[in-house]
There are 2 protein chains.
Amino acid sequence: MFAALCCVLLVLAFAPGSKVLAEEKFQYAIKEFTVPLDHYSFLSNTSFNIRYLYNDSYVDKTNPDAPIFFYTGNEGDIEWFAQNSGFVWELAAKEHAVVVFAEHRYYGKSLPYGSDTFNTSKPEHLAYFTVEQTLEDYAMLITFLRNGRELPVVAFGGSYGGMLAAWFRMKYPHIVIGALAASAPILQFPGLTPCEIFNRITTSVFETAYNANCSANIGKSWKAFETLASTDAGKLQLTDKFHLCDPLKTADDLKAFLDYLEEVYGNLAMANYPYNSSFLAPLPAYPVRQLCYYLKDLAANETELINSMASALAVYTNYTGTTPCMDYKNTRDTANFDDHGWNIQSCNQMVMPFCANSSDTMYRTSTWNLKEYSDKCFKKFQLTPKPYDIVLRYGGRNLEAASNIIFSNGLLDPWSGGGVLQAPNSEVHVIILPEGAHHLDLRSSHSADPPSVKDAREKEAAIIKQWIEKF
Amino acid sequence: MFAALCCVLLVLAFAPGSKVLAEEKFQYAIKEFTVPLDHYSFLSNTSFNIRYLYNDSYVDKTNPDAPIFFYTGNEGDIEWFAQNSGFVWELAAKEHAVVVFAEHRYYGKSLPYGSDTFNTSKPEHLAYFTVEQTLEDYAMLITFLRNGRELPVVAFGGSYGGMLAAWFRMKYPHIVIGALAASAPILQFPGLTPCEIFNRITTSVFETAYNANCSANIGKSWKAFETLASTDAGKLQLTDKFHLCDPLKTADDLKAFLDYLEEVYGNLAMANYPYNSSFLAPLPAYPVRQLCYYLKDLAANETELINSMASALAVYTNYTGTTPCMDYKNTRDTANFDDHGWNIQSCNQMVMPFCANSSDTMYRTSTWNLKEYSDKCFKKFQLTPKPYDIVLRYGGRNLEAASNIIFSNGLLDPWSGGGVLQAPNSEVHVIILPEGAHHLDLRSSHSADPPSVKDAREKEAAIIKQWIEKF
């Protein structure tokens, strides 16, 4: 598993057929802010602009010191996160806060070298694409927005954005009074968490969504695919049954197809929301259950299994019925840089080990091999990953000195395995959502929300209110 | 006042005639550790070696998890700090700790480009000379020394080294369980502390050391020097009376001479220790009192004043009687890079505003002008200072989230004006030494120590012991 999964979700999110900005519920001004390309050396004075979204419509105009709710943007276009993080807006309305969503450097339109940013023949273009540079961007932007005023600023983020929010509070506690880090797998790094945990949790989600035959069928499907793909006629059949954009021709094609399926299962578990959503792809409510409905009976033979798999996977790949083909190579949307972005981050600092064992998961057995991983990174981007950067800087499991961070995790979210599930002290809050998928609590309130997410949001709101009042 | 004062002390310390490593009381192995030149980008893989001093002779060999006392080296050869920080050694003996003194990059023998390091025609050579790069060096070194073990590591530092120790604990609380920051002026930055405070405290030290005529005489001396230097014959007299290495010839020479005297007064206040010392220069016990003895009577006229000044200043410039001449231009020791070092740091991040008002100090009136300061930095090193870097990153006066730091300050130390004198919370300890000069508490115990420094060391030892025990 070369690319970390976190990335893939974005590739898919922007794949053709999905319309991620469909629900443009929230309004904002789009602004720009100039930041140094390199905050940490005195080599050059180069700067560029990052984007941020700004809305102060909830603010009581007689209060010059309104709180700022600051979303620490992650791996994608910031407008997408703004539209998919309704809780920030709902709470801002209650607390009369300014809402700011900051775009992460190297994503969306915050590209230091414009359209030439990801030119891998110019390694200096990618050199400043790091967590620390990004956090400094945010620290400078907040300092600018505060304009000399002492204001309570709260950081928000989900997934990698939640990791940034947590780290931001750890490193800049003088700038943000606290952070809500939703589904933030800050422990998904070498030496901290077993590499198979993500795939184990995903398996468990599929085992329990409808009945256990679902994961059993998926577990058997790998061999069935390989058997069928061993002949040219079989490859054609697969291409046809799964509506593949690129026909299966080579062993590499088959590998890409099977890798893609593994990613789809992870994405489905993440986006296993209780209502229709378009977060990763247009999906029905509880999509894992929907998919598993097609796999509820143990297939009698490989042909039957392949047919059921085709029906099942369409829940993810073509729920709208309008997707022309299954883009298992993720190559269709060349104008979107975001897949480049996360692939690069996985090759510099975001080294997240993944592996699986077929004996206790529905996945194929795969091992984690740092050397291979590094070699691929170097080949692809001339980057040598620094797998221990993050642990060195942010402390791994040693979070005793942290304060005013809420780590929320849905237990149905495969990323929860790398999340903080035990509070290191009384000033760090851990909120567990037994029925929650990937940062469900950050999304807008919905009538179909399970009780645990309502409770979680209430707790989060109360804690954040307390931080603001204490300030 | 171009260069920050912190620097000057080192220039003088290493000036000819002083023998700073005279008392080599402490023994250690000198080792090297390889660090990346740039921790914060993926531009290149260049690395170099920093030095560190290592002594594990106090460790109980049956204890594999002995504490590490880690001195975060500051602006100079690390051996000098090791020999002048006896308290670290004394406490290590009590606590059976490993002692490590780490040399700051760009100082001593830890030069990234060897003898070409300070070649100002190669700006990339100076680019990575920052606080953040240095702290990462230390984090990596400690991680290496821990070798996978969970060990209680305590940071120690005095002056700029104390600032580093405090910031290290703030940013890497997972690596050091606490820090003793002795005389660490972390608030001596733009917008945090009035720029005249250093010179006010120095004046007050001179006012009270013997009698108030001392500072009154010094206050009058500036005009006396200018009057005398207005003729060539007068310049010759001054050159002769003060044994100047470079004869006074131009207005620039006079300016350099008077600037030097101002620096001497600051250094004397800093090194106003209760016993003979060789910290900044070979000095008698309570050198300010000694100097002021020569200025105890209000001079009847300018000639008498100049003569008394010559006797008084010899306390600093030639206490040993062996210094050939007064090196007011600090140009004698060209082999020593340390003056380069601090001058460069004052021109990148260590922008410390200084000013004075002749109406309430013994100094000439001078203003703080950032524009002029920046222009000089650019002219000298092609560096544009970032005066707000430090406040942005380390929080200025907002230290509420800090924990396990001891800030100790001697009230007779001019740097105490930029020190932390009020604890932001119960986990940060402020220890005041009413009779203390510059990090007197970090020095070896001495029979002449005033009670306040003994008390301070006892408190410090108890707090550090508690951190270790809690760990």
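The values are calculated or read from the model by the stated rules, or taken from the named source; none is laboratory data. Small disclaimer: the values here were computed from a predicted structure and weren't measured. Backbone-built Cβ (ideal geometry, glycine too); neighbour counts: all protein chains shown. Areas reflect the complete protein model, heavy atoms only, side chains present, ligands, DNA and RNA absent. Shrake-Rupley method; radii C 1.70, N 1.55, O 1.52, S 1.80 Å.
Projected label points at residue A:252 and residue A:227, each 7 Å from Cα along the beta carbon direction, are separated by 2.9 nanometres.
Taking amide H positions as placed 1.01 Å from N in the peptide plane, with prolines and chain starts having none, which residues 5 or more places from residue B:48, or on another chain, fall under 5 Å of its amide H? Correct list: B:35, B:37.
Within 13 Å, Cβ to Cβ, of residue B:421, how many net charges do the neighbouring residues add up to if Lys/Arg are +1 and Asp/Glu are -1? Write out the running numbers ahead of the final one.
Numbers: positive: B:397; negative: B:413.
Counting the neighbours of residue B:421, the net charge comes to 0.
Scale the Cα Rg of segment A:194-386 by the rule-of-thumb value 2.2 N^0.38 Å and send over the ratio, two decimals.
Numbers: Rg = 16.9 Å, N = 193, 2.2 N^0.38 = 16.3 Å.
Ratio of Cα Rg to 2.2 N^0.38 Å: 1.04.
Residues of segment A:174-189 that bury at least 30 Å² of accessible area once all protein chains are present, compared with their chain alone (1.4 Å probe, heavy atoms only, ligands and nucleic acids left out), are A:174. In this Cβ point-charge picture (+1 for Lys and Arg, -1 for Asp and Glu), segment A:97-227 has a dipole of about 180 debye about its Cα centre. Taking segment B:228-258 and a reference point 7 angstrom along Cα→Cβ of residue B:302, the backbone N atoms nearer than 13 Å belong to B:228-235, B:238. For the Cα atoms of chain B, what angle does the longest principal axis make with the long axis of helix B:131-146, in degrees from 0 to 90, nearest 10? The helix B:131-146 is inclined about 40 degrees to chain B. Near residue A:466: Cβ cut-off under 12 Å, other residues only, Lys/Arg at +1 and Asp/Glu at -1. The net charge is -1. In segment B:376-421, the residues whose accessible area drops by at least 50 square angstrom when the other protein chains are added to the isolated chain are B:386, B:392, B:393, B:398, B:401; the probe is 1.4 Å and only protein heavy atoms count.
With a 1.4 angstrom probe, the accessible area lost at the A-B interface totals about 3000 Å². Out of the total accessible area of the protein assembly as shown (probe 1.4 Å, heavy atoms of protein only), what percent is carbon and sulfur? Of all accessible area on the protein assembly as shown, carbon and sulfur atoms account for 52 percent. Each other residue within a Cβ distance under 9 Å of residue A:128 adds +1 if Lys or Arg and -1 if Asp or Glu, for a net charge of -1.
Residue B:303 label point (Cα plus 7 Å toward Cβ) to equivalent points in the other copies: 12.4 nm, shortest first. With the Kirkwood sum run over all distinct C-alpha pairs, chain B has a hydrodynamic radius of 22.8 Å. Remark: segment A:436-453, residue by residue, has Karplus-estimated 3J(HN,Hα) of x, 8, 5, 5, 4, 5, 7, 7, 4, 4, 8, 4, 8, 4, x, x, 5, 6 Hz, where x stands for each Gly or Pro and the curve is 6.51 cos²θ - 1.76 cosθ + 1.60 at θ = phi - 60°.
Given Cα pairs under 8 Å that are at least 6 residues apart, what percent is the relative contact order of chain B? Intermediate values should be presented prior to the final figure.
Details: 906 pairs, mean separation 99.3, N = 471.
That works out to 21 percent.
Label points for residue B:252 are taken 7 Å from Cα along Cα→Cβ. From this copy to the others they lie 6.6 nm apart, shortest first.
For residue A:454, the aspartates and glutamates whose Cα comes closer than 16 Å to its Cα, not counting residues fewer than 8 places off in the same chain, are A:90, A:435, A:441. Relative to one another, the C-alpha centroids of segment B:392-471 and segment B:171-241 are positioned 22 Å apart.
Longest segment of chain B with no GluC sites (Glu not before Pro) in a DSSP loop having at most 11 other Cβ atoms within 10 Å? Present the calculation step by step, with values, prior to reporting the outcome.
Details: sites that count: B:24, B:150.
Between the exposed loop sites, the longest stretch runs B:151-471.
Computed about its Cα centre, the charge dipole of segment A:258-352 is approximately 240 debye, with only Lys, Arg, Asp and Glu carrying charge at their Cβ.
Think of the axis that spins chain B onto A; the B residue whose C-beta lies nearest it, and the distance in whole Å, is B:40, 2. The alpha-carbon of residue B:470 sits under 19 angstrom from the alpha-carbons of these lysines, leaving out residues fewer than 8 places away in its chain: B:94, B:459.
If you take the beta carbon distance between residue B:276 and residue B:455 as r and set R0 to 25 Å, what does 1/(1 + (r/R0)^6) give as a FRET efficiency, to the nearest 0.05?
Working: r = 23 Å, r/R0 = 0.92.
E between residue B:276 and residue B:455, to the nearest 0.05, is 0.65.
Among A:96, A:104, the sequence by solvent-accessible area, most first, with a 1.4 Å probe is A:96, A:104. What is the helix-to-structure angle for A:302-317, meaning the angle in degrees between its Cα long axis and the longest Cα principal axis of chain A, kept from 0 to 90 and rounded to the nearest 10? The angle comes out near 20 degrees. Placing a label point 7 Å from Cα along the Cα-to-Cβ axis, residue A:426 is separated from the same position in the other copies by 1.0 nm, shortest listed first. Across peptide A:132-140, the average count of Cβ atoms from other chains found within 10 Å of a residue's Cβ is 2.
Take every pair of alpha-carbon atoms less than 8 Å apart whose residues are at least six positions apart; their mean separation over the length of segment B:194-386 yields a relative contact order of 28 percent.
Here the Karplus curve 6.51 cos²θ - 1.76 cosθ + 1.60, taken at θ = phi - 60°, turns the phi angles of segment B:235-252 into couplings of 4, 4, 4, 5, 3, 6, 4, 9, 6, 6, 5, 9, x, 6, 10, 10, 4, 5 Hz, with x standing for Gly and Pro.
Counts of other chain beta carbons within 10 angstrom of each beta carbon in peptide A:343-350 average 1. Once backbone amide H atoms are built at 1.01 Å from N, residue B:326 has B:244, B:245 as its partners under 5 Å, excluding neighbours fewer than 5 places away on the same chain. Accessible area per residue for the protein assembly as shown, computed on protein heavy atoms with a 1.4 Å probe, is 36 Å². Segment B:242-286 and segment A:142-167 have Cα centres spaced 47 Å apart. Within the straight-line cut-off of under 17 Å between alpha carbons, the aspartates and glutamates reachable from residue B:31 are B:56, B:77, B:79, B:103, B:137, sequence neighbours fewer than 8 places apart in one chain being disregarded. Once both axes come from the Cα atoms, what is the angle between helix B:338-348 and the longest principal axis of chain B, in degrees from 0 to 90, rounded to 10? That helix lies at roughly 80 degrees to the long axis.
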